[in-house]
């Protein structure tokens, strides 16, 4: 897990410019191991970031009580995420995960929540072209146009009709991105291309 910092560009060995997203990877700790025998499925729960103990709920404090946290005893993990696995994990509770898990050249899948854009029309939300710009049209440049009629659904709006509505704030996964740089001193990783979300968005990286 990491936080999105910003986008920039780097020059490759061939001199070509490549757009990259910079991610800040903090210290992570394994907070729980789930097994098929005990829990019905295999998974690893990871805690990332830090939060003051007074701002953490009592159930979470109790859950992390015996975990060797990377921060001082007055802090707890800010985010807990669970990752399912097909086989039992080789990790143990309390193990630390760092940026050393990845190397330059690795192919990764990245998931994050995209920017929220509020209530948008069909031109922005679905890429509609709008109405004609000539022949006397007055107020229909960005209108959706006809949404059908009585013949197709008996006067009802068919399911899945593309219309105006809330846009963004969706969980997006981008596959087969390449790790192009790792800065261990600053705990930062550069991944090729664009990654969903604003600056500060929590990003999941899977190898």
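The values are calculated or read from the model by the stated rules, or taken from the named source; none is laboratory data. Values in this document were obtained by computation on a predicted structure and should not be read as measured data. A quick note on method: Cβ atoms are made from the backbone with ideal geometry, for glycine too, and the neighbour counts reach across all protein chains shown.
A few points about this structure:
- Counting the residues of the range 165-181 that are surrounded by 17 or more Cβ atoms within 10 Å (Cβ to Cβ) and over 15 Å from the mean Cα position of the chain (by Cα) gives 3.
- Meets criteria (modelled with pLDDT under 85, in contact with a strand residue (DSSP E or B) (Cβ under 7 Å, 6 or more places away or on another chain) and more than 20 Å from residue 204 (Cβ to Cβ)) for residue 94: yes
- In the condition set (1) assigned to a loop (DSSP other than H, G, I, E, B); (2) surrounded by 17 or more Cβ atoms within 10 Å (Cβ to Cβ), residue 33 is compliant with all but (1).
- Per this entry, residue 12 is not counted among residues that are modelled with pLDDT of 85 or more, farther than 24 Å from residue 115 by Cβ, surrounded by fewer than 16 Cβ atoms within 10 Å (Cβ to Cβ) and touching a strand residue (DSSP E or B) at 6+ places or on another chain (Cβ under 9 Å).
- The single residue among 114, 192 that is under 23 Å from residue 78 (Cα atoms) and in contact (Cβ under 8 Å) with a residue 40 or more places away in the chain turns out to be 114.
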